[in-house]
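*Asks:* One structure, as structure tokens, below. Some questions next.
The values are calculated or read from the model by the stated rules, or taken from the named source; none is laboratory data. Remember, predicted model here, so these are calculated numbers, not experimental data. Cβ atoms come from the backbone with ideal geometry, glycine included; neighbour counts cover every protein chain shown. Note: areas computed on protein heavy atoms with side chains; ligands, DNA, RNA excluded. Shrake-Rupley method; radii C 1.70, N 1.55, O 1.52, S 1.80 Å.
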Amino acid sequence: MALPTYYNSGTATVAAGGTAVTGVGTGWMTVLQPGDLFTDASGLMVRIAGIESDTALTLARAWPGAAIAGGAYEIQIMPRSVGVQEATRQLLLMLSNGNLAALADLASATDKLPYFTGGGTAGLATLTAFARSLLDDANAGTALTTLGVSDFAKTLLDDTDAATARGTLGANNASNLTTGTIPSARIGTDLTADKAFRRGNILGSVSQAGGVPTGALMEYGSNANGEYARFADGTQICTSPVYTGINLDTQLGSNYASAAIVWVYPATFTSVSGVVGNCITSSAVWCSGSSGATSNSTRLIYGVAGITNQSLRMTAIGRWF
């Protein structure tokens, strides 16, 4: 029985200048191969590059003739050796990008995984037994168990933002944390005691209860008496405004002194460690004074002769609780 030399069952549709051909009532998949020739009644002929299904094929180049819309067609079936040659050519094109050659050049070894480092180049990465233990985990929860993450820590991982995480932490006391990675001795009996140190509560109003910080980490403020900064550990720093027009015209022994400059602090201390005064106008002038919880009294002193129109700024350091 002679093999068929052409196929024309059904109808075909192809756009002018197109490469996609669709058929109706066709059985191209079981009869044709790449390399066969698609033609119409005018005799125009284009090689078939690929056959996707019984009703879809792709031409190797744009259809040069008029559009065919559900019309007659004919496919010339070439000797099967031509199809083999075409398939071989396409396979060689796929292999010519260097990827297989790059993999072939690698020296395989235990616990090594090949990966591409670029187009047509490859390398080897170490795949440890621990890494392999993660690869067969079906989901994130299983992977976290493999990593040794505690059940308590896992409850934080599905929190969508910091506020939700703080809520999760606030609902779990120290006994929950003993099963995690944070020792309970470091957080006391309840996480609410450490809320001043949680993210998002850095700058605000500081406060304390029984010597334990309960507010923000630090507080800043200013008023007519200067500026102050308070910290959660109890430290307070106050800076005075600049006092100007100070005259050192009162003889004090062999020196000359100003009248007392009383600075009322912008924030009250419980105890003052020290007050430092700086005469901005002259480096030869020094300060002498006494400090209390709410104010400081300072005089400027000069050892040569009376001078006028000096400027002073002071800084006090101590504790607010």
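*Asks:* Would you point out the residue of region 37-54, among those that are of a type in the set (Gly, Ala, Ser) and out of contact with any Leu (no Cβ under 9 Å at 6 or more places or on another chain), that is farthest from residue 65 (Cα to Cα)?
*Replies:* First pass over region 37-54, keeping only residues of a type in the set (Gly, Ala, Ser): 41-43, 49-50, 53.
Subset that is out of contact with any Leu (no Cβ under 9 Å at 6 or more places or on another chain): 41-43, 53.
Details: 41: 11, 42: 9, 43: 10, 53: 23 Å.
The qualifying residue farthest from residue 65 (Cα to Cα) is 53.
*Asks:* Still on this model: When you scan region 105-149, how many residues do you find that are farther than 30 Å from residue 93 by Cα, of a type in the set (Gly, Ala, Ser) and touching a helix residue (DSSP H, G or I) at 6+ places or on another chain (Cβ under 9 Å)?
*Replies:* 4
*Asks:* Here's another thing I want to ask about it. With respect to residue 58, determine if the residue is under 46 Å from the mean Cα position of the chain (by Cα), within 30 Å of residue 131 (Cα to Cα) and among the β-branched types (Val, Ile, Thr).
*Replies:* Details: under 46 Å from the mean Cα position of the chain (by Cα): yes; within 30 Å of residue 131 (Cα to Cα): no; among the β-branched types (Val, Ile, Thr): yes.
So residue 58 does not fit the description; no.
*Asks:* Now for a different question. Only residues that are surrounded by fewer than 15 Cβ atoms within 10 Å (Cβ to Cβ), part of a strand (DSSP E or B) and in contact (Cβ under 8 Å) with a residue 60 or more places away in the chain: list them for region 55-75, please.
*Replies:* Across region 55-75, the qualifying residue is only 71.
*Asks:* Mind checking whether some residue in region 302-310 is exposed (fewer than 14 other Cβ atoms within 10 Å of the Cβ) and part of a strand (DSSP E or B)?
*Replies:* Just the residues of region 302-310 that are exposed (fewer than 14 other Cβ atoms within 10 Å of the Cβ), to begin with: 303-305, 308-309.
Still in the running and part of a strand (DSSP E or B): 308-309.
Yes, some residue in region 302-310 is exposed (fewer than 14 other Cβ atoms within 10 Å of the Cβ) and part of a strand (DSSP E or B).
*Asks:* Enumerate the pairs (first residue in region 274-288 and part of a loop (DSSP other than H, G, I, E, B); second residue anywhere and open to solvent by 100 Å² or more (accessible area, probe 1.4 Å)) with beta-carbon separation below 8 Å, excluding pairs fewer than 6 apart on the same chain, so at least 6 apart or on different chains.
*Replies:* 281/309; 284/304
*Asks:* The conditions are (1) part of a strand (DSSP E or B); (2) open to solvent by 70 Å² or more (accessible area, probe 1.4 Å); (3) within 14 Å of residue 74 (Cα to Cα), and residue 52 fails exactly one of them. Which is it?
*Replies:* With (1) part of a strand (DSSP E or B); (2) open to solvent by 70 Å² or more (accessible area, probe 1.4 Å); (3) within 14 Å of residue 74 (Cα to Cα) applied to residue 52, the lone miss is (3).
*Asks:* Where residues in region 20-36 are surrounded by fewer than 17 Cβ atoms within 10 Å (Cβ to Cβ) and touching a Phe, Trp or Tyr at 6+ places or on another chain (Cβ under 9 Å), which of them is nearest to residue 70 (Cα to Cα)? Please lay out each step first, then the result.
*Replies:* Initial filter on region 20-36 (surrounded by fewer than 17 Cβ atoms within 10 Å (Cβ to Cβ)): 20, 22, 24-25, 27, 29-31.
Subset that is touching a Phe, Trp or Tyr at 6+ places or on another chain (Cβ under 9 Å): 27, 31.
Details: 27: 15, 31: 20 Å.
Per the criteria, the residue is 27.
*Asks:* May I pose another question? Considering region 233-270 alone, what residues qualify as being out of contact with any Ser or Thr (no Cβ under 9 Å at 6 or more places or on another chain) and among the small types (Gly, Ala, Ser)?
*Replies:* Result: 253, 254, 267.
*Asks:* Follow-up. Testing residue 42 on (1) assigned to a loop (DSSP other than H, G, I, E, B); (2) closer than 20 Å to residue 88 by Cβ, one condition comes back false. Which one is that?
*Replies:* Here residue 42 meets the rest and fails (2).
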